[in-house]
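Q: Got a structure here, written out as structure tokens. Questions coming.
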Amino acid sequence: MQIDHSSSVPLHYQVEELLRKLIKEERYINGEPLPKEVDLSKLLGVARNTVRQATNKLVYENAIVRKKGVGSFVAPNSLSTKLDKWSSFTEEMTQLGVQLKNYEIKVSMVKADSDLARTLNIKEGKEVLELIRLRGDEEGPFVLFYSYFHPRVGLTTDEDFSEPLYTVLESKYATRAVTSQEEIKAIVADDHLAKKLRTPVNSPLLSRVRRVLDPGNRIIEYNLCYYRSDKFTYTIDIHRNQ
């Protein structure tokens, strides 16, 4: 519970990183209130506004919730991903301290229908690799991925898809993912999605269509994702041009 006052790293950022470590501790995950801002400011030797600035960032990200007159707590069932800096899902969850669990991984070669062929810019009927992954935490699955890869990538069904996907693409297939084009909307769970994600039929889900591009703006992956809305949140940073 200390920060480096001689460091060039801003104090509020150091406090923020300290809080991120705290909220991963079992006692806080289990519901114990986080240290009060006034106590943290005294302990760390910084202004209370510095602590408040760091806390506000985590509240904004839905990592912490404040309860008036009670204190601040780790937000229950609130996983968040940001759109300002895109990375793989595994990397995002690792940064949040979430231990991912693969509930299902299926890989096969399928023939592209007209829609998929148009999206990947290939001939209809050409074989592409389909990867289906059902992922979550120890409490259960919360996201279902359907991924389809352009044949030029060279992925095979023999690959270990429990590893971080984009690391595998870059290290083994010389394919670097640099751009993610996203379409996000709210839907309700049909019978199939409800069963997979262990949620009631017609419960709200977050649907995301992602097109992943390489440095030449060529499509690498076409990805369909379905998230349980009670377990997942998207946060977006929008910066105004000066």
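The values are calculated or read from the model by the stated rules, or taken from the named source; none is laboratory data. The structure displayed is predicted, hence computed values, not measured ones. Heads up, the Cβs are rebuilt from the backbone with ideal geometry, glycines too, and the neighbour counts pull from every protein chain shown.
Q: Can you find a residue in the range 195-213 that is surrounded by 14 or more Cβ atoms within 10 Å (Cβ to Cβ), assigned to a helix (DSSP H, G or I) and touching a Pro at 6+ places or on another chain (Cβ under 6 Å)?
A: Looking for residues that are surrounded by 14 or more Cβ atoms within 10 Å (Cβ to Cβ), assigned to a helix (DSSP H, G or I) and touching a Pro at 6+ places or on another chain (Cβ under 6 Å), one finds at least one in the range 195-213, hence yes.
Q: Of the conditions (1) assigned to a strand (DSSP E or B); (2) at pLDDT 85 or above, TYR13 fails just one. Which one is it?
A: For TYR13, the exception is condition (1).
Q: Of the residues in the range 127-141, how many are modelled with pLDDT of 95 or more, surrounded by fewer than 17 Cβ atoms within 10 Å (Cβ to Cβ) and not acidic (Asp, Glu)?
A: Adding up the residues that qualify gives 1.
Q: Now a separate question. Scan the range 154-187 residue by residue and report those that are closer than 22 Å to GLU104 by Cβ and outside any loop (DSSP other than H, G, I, E, B).
A: Step one: of the range 154-187, the residues closer than 22 Å to GLU104 by Cβ are 155-169, 187.
Hits for the range 154-187 are LEU165, TYR166, THR167, VAL168, LEU169, ILE187.
Q: Can you list residue pairs whose Cβ atoms sit under 6 Å apart, with the first residue in the range 135-160 being assigned by TED's automatic domain parsing to the domain that holds ARG210 and the second being part of a loop (DSSP other than H, G, I, E, B)? Count only pairs 6 or more apart in sequence or on different chains.
A: ARG135/LEU100; ASP137/VAL98; GLY140/ARG198; PHE142/LYS231; PHE149/LEU155; VAL153/THR175
Q: Return the residues of the range 143-152 that are surrounded by fewer than 19 Cβ atoms within 10 Å (Cβ to Cβ) and in contact with a strand residue (DSSP E or B) (Cβ under 7 Å, 6 or more places away or on another chain); say none if nothing qualifies.
A: First pass over the range 143-152, keeping only residues surrounded by fewer than 19 Cβ atoms within 10 Å (Cβ to Cβ): 146, 148, 151-152.
Result: TYR146, TYR148, PRO151.
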